[in-house]
1. Please note which helices (runs of 4 or more DSSP H) are completely contained in the stretch B:143-217 and include at least 3 residues that are of a type in the set (Lys, Arg).
2. So, in the stretch A:28-58, exactly how many residues are surrounded by 18 or more Cβ atoms within 10 Å (Cβ to Cβ) and aliphatic (A, V, I, L, M)?
3. Among A:THR249, A:THR254, which is in a helix (DSSP H, G or I) and at pLDDT 90 or above?
4. Using the structure shown, decide if B:GLU129 is more than 8 Å from every other protein chain (Cβ to nearest Cβ) and either surrounded by fewer than 17 Cβ atoms within 10 Å (Cβ to Cβ) or among the aromatic types (Phe, Trp, Tyr) (or both).
5. Name the strands (runs of 3 or more DSSP E) wholly inside the stretch B:222-335 in which the number of residues that are surrounded by 14 or more Cβ atoms within 10 Å (Cβ to Cβ) and over 27 Å from the mean Cα position of the chain (by Cα) is 2 or more.
6. Scan the stretch C:212-225 for residues that are more than 10 Å from chain A (Cβ to nearest Cβ) and not β-branched (Val, Ile, Thr) and jot them down.
7. Restricting to the stretch C:248-264, name every residue that is touching a residue at least 24 places away in the same chain (Cβ under 8 Å) and at the interface with chain A (Cβ under 7 Å from one of its Cβ atoms).
8. Between a residue in the stretch C:109-122 that is in contact (Cβ under 8 Å) with a residue 24 or more places away in the chain and facing chain A (nearest Cβ under 7 Å) and any residue that is in a helix (DSSP H, G or I) and hydrophobic (A, V, I, L, M, F, W, C), which pairs come within a Cβ distance under 6 Å, given they are 6 or more apart or on different chains?
Amino acid sequence: MKRLSWFNAVSLTLGFAFLYIPMVILVIFSFNESKLVTVWAGFSTRWYAELMQNEAFLNAAWVTIKVAVFSSTLATVLGTLAAYVLVRGGRFMGRTLFSGMIYAPLVMPEVITGLSLLLLFIGIGLDRGVLTIVLAHTTFSMCYVSVVVSSRLVSFDRSLEEAALDLGCSAAEAFRLVTLPIIAPAVISGWLLAFTLSLDDLVIASFTSGPAATTLPIKIFSAVRLGVSPEINALSTIMIAVVTVGVITASLVTKHQVARQRREEMEAVRS
Amino acid sequence: MTASVFEPWNDPEAKPLIHFQNVTKRFGEFTAIDNLTIDIYEREFYALLGPSGCGKTTLMRMLAGFETPTEGKIFLAGQDIAPVPPNKRAVNMMFQSYALFPHLSIWENIAFGLKREGMAKADIQQRVEEMLRLTRLEKFARRKPHQISGGQRQRVALARSLAKAPKLLLLDEPLGALDKKLRQDTQFELMDIQEKTGTTFVIVTHDQEEAMTVASRVAVMDHGKIIQVATPDRIYETPNSVYVADFIGDVNLIEGTARPTGSDTYAMSWHEGLPPLKVQSPNSLSDGQKCHLAIRPEKVAINAEKPADADNAVQGRILDIAYLGNISTYHVELPTGAVIKAQTANTRRIARRAFTWEDTVWLSWTATAGVLLAE
Amino acid sequence: MMRRFFLIAIPYAWLLALFLVPFAIVLKISLSDYAVSIPPYVPQFDWAEGIGTFIAQLDFENFIWLTEDDLYWKAYLSSLKIALISTFLTLLAGYPIAYGMARAPDEWRPTLMMLVILPFWTSFLIRVYAWMGILSNEGFLNQFLLWTGVISEPLTILNTNSAVYIGVIYTYLPFMILPIYSALERLDGSLIEAAEDLGCSRLSAFWLVTVPLSKNGIIAGSFLVFIPVLGEFVIPSLLGGSDTLMIGKVLWEEFFSNRDWPVASAVAVVLLLLLIIPIVLFQRNQQKQQEAEQ
């Protein structure tokens, strides 16, 4: 077995300490009794209780989840379609423009995307609210979905689709019965990515939301501008906890599946 | 000719199952298939043999319907199949990668095509079990493709493509992924299954041994053209060109000029001061035509003394000996500078070997041992 | 054939309508004049007057304004400077971590990988916010340093450019680590052994073999940090001070505080022009890498 040299051990320790200490502090101080965030005054869950009574935050959270569910679902459908067109569509008019429009939003500063969408919505007279945020989020997260799905499609053995056609499937049946079930993990991770992006987004949502619809990041941002607050710490802790549980579960499930597949393949070779 | 011999290509009455009529396929500037015409008969085991890029895979994919000819027509049982999409053709394909659906069990993989046909449940059940029996996979029906070995996967792919009882089965390098020993066993299994089901098989391969073993006829391809179509023994014994002679097995090529001495006998002069070589060859050549004598190493005998009654004998010096266990190949340099390979079977233990390096030996062969090939 | 048309047309139309058309609008408004109206710019497009009159009313006034007011110049330059320096610092911090991960025992790697990806899934805003409590005058860093006796007066870090650098390194570190790690992980260990066998010291083997072979990862990671940082808004507005000039912040204020849409649009157009070069370079690097893999 390989052992880590002291240099690697030190750089890994320092690196991960840097990545995690700020979050750990945040979590610890969300249980602080005092209103002063940087002075420890005993364990308490009062900020969580206050958070649960804060109507504005709860409303914003509800709006955020609604937006995230709608936009990520729509983005997954559109993004998968776009990936399929990019990888399997062959040549068509304006293909370069299309792939450019898929990749550009990934590196586009959010302020520009937000500004341009807002100007569009105003231009066509669309009232800003949940609908406009959903449209905006769908547009940029579909590009992420399509990158995730197309990287899976590129490595997808094309002869599987041909085999389906050969055995009597129409093109649509081949996609539904063979392609989709096999790329499903990529589609699901695309959805999760779109969902998280939508939950996290502040800038684009700020541009495209109206007074009727405030999302959680907008709410947090306006609170945080005034300084650190224990209530925000509590809220952050909840969000960090959800993500951590999700990511760890996902990686355990994947690890388990990979291990099982490998074991079964070994058994198959031996038999 | 007895009735039991299977040679429909010699029967002028026989109707081919597949007929390629002047088919050309171009990809942009590249011509993959060049004005090709062939016939394949029912119940044949037809091998397309050639190096990679010779167009054999394109030919097969046109039969499956994944490519359409740029020019020419393809007939299946007398019907032009150009307008028929792959999912409506009575043709099935076994893919090189096997293309087993990883999310479906072996049973579901085999049943996949039958379900698409809308076959009744009970019939599907029966047909799948029949296929599992044929390929000896009954025990593995519930497993997923990654839970079985490579050889078993190959049989699943075969069972799946045979399940719909196609008129024609296409096999794209079907044994390419198997190791050598398994491949040899599987070759016989393939032949057995082809005979049992009576399906017409077209196999694509770059492995000449495989083509020779399984096929009723072999088509040797190069640069999108068919060079020769014949039974394996005729391909080996009487190749029609230097390309085929060189591609199939090991061969010695001696350059010279032909002079007819009888209806099918020639004297080939090949070097100043040495007697011309006597050859009996089916390929007709004109007087003074440049040609090659192609002769297989195992047909060249090696002796210490000049054999008295040989048709052809030349003297040379042993340059190299390749000991392969069952046989030894001697590389003998002639006074002309050419190197000729001669093979002998090692029927005795190596200690009794007659020749060693630098020995002067006589090589000899009969007039019927080789063929003359035009340049 | 019809089906194929719709398959292509649906995502295509969506992106045209919600990505390309909005840009055209930004471009158009950047050429318009500020007006006290709703929306606050002229000319408004009017079919009755025709396109000719409409175009005649457009001008480059806003762009001239951008060159005249040195606020914008400074903002662009300081964004470039901050993006360049923080990309370099992120590379310095990220490379050893990626290297350590690639050299770690196989059974650790999935866990280490997960530890790098986890912050990526966590809210960006929260990760920036976490530093506010650390860097403030009575924050944890100052408390710690005062306690150890390294300093006697609290340092002012929050609301300075240093805080911006720390925030950028912290939030963008995973983007730097992942591409470098994937390049280093693929590196065949026997190459290093071969270099040492041929007379390289450990260090020269690292410079002559490891670094060049992870070049693509370094380039990809640097672009992934540089490009978004150039237009960054959250970090400078939460961690930076009033003297931290970044173009994303300027655009935001121009739009939300001054309500000067034409100037905000012009700022966006110039930012986009600045970004085109690194984006094209990045795409080309990715393409080259993809081709090399095939």
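1. Numbers: elements: B:150-162, B:180-197, B:208-214.
Those helices (runs of 4 or more DSSP H) span B:150-162, B:180-197.
2. Going through the stretch A:28-58 one residue at a time, the tally reaches 2.
3. On the way: A:THR254 fails: at pLDDT 90 or above.
Criteria check complete, one pass: A:THR249.
4. On the way: more than 8 Å from every other protein chain (Cβ to nearest Cβ): yes; either surrounded by fewer than 17 Cβ atoms within 10 Å (Cβ to Cβ) or among the aromatic types (Phe, Trp, Tyr) (or both): yes.
Yes: the conditions hold for B:GLU129.
5. Numbers: elements: B:225-230, B:252-260, B:265-269, B:277-280, B:290-295, B:301-303, B:312-323, B:327-333.
Correct list: B:252-260, B:265-269, B:277-280, B:301-303, B:312-323, B:327-333.
6. First pass over the stretch C:212-225, keeping only residues more than 10 Å from chain A (Cβ to nearest Cβ): C:212-222, C:225.
Of everything in the stretch C:212-225, those that are more than 10 Å from chain A (Cβ to nearest Cβ) and not β-branched (Val, Ile, Thr) turn out to be C:PRO212, C:LEU213, C:SER214, C:LYS215, C:ASN216, C:GLY217, C:ALA220, C:GLY221, C:SER222.
7. Residue satisfying the conditions is C:GLY248 alone.
8. C:PRO119/A:LEU19
The values are calculated or read from the model by the stated rules, or taken from the named source; none is laboratory data. If you're wondering where the values come from, they're calculated on a predicted model, not measured in any experiment. Don't worry about glycine lacking a Cβ; one is built from the backbone with ideal geometry, like all the others, and counts go over all protein chains shown.
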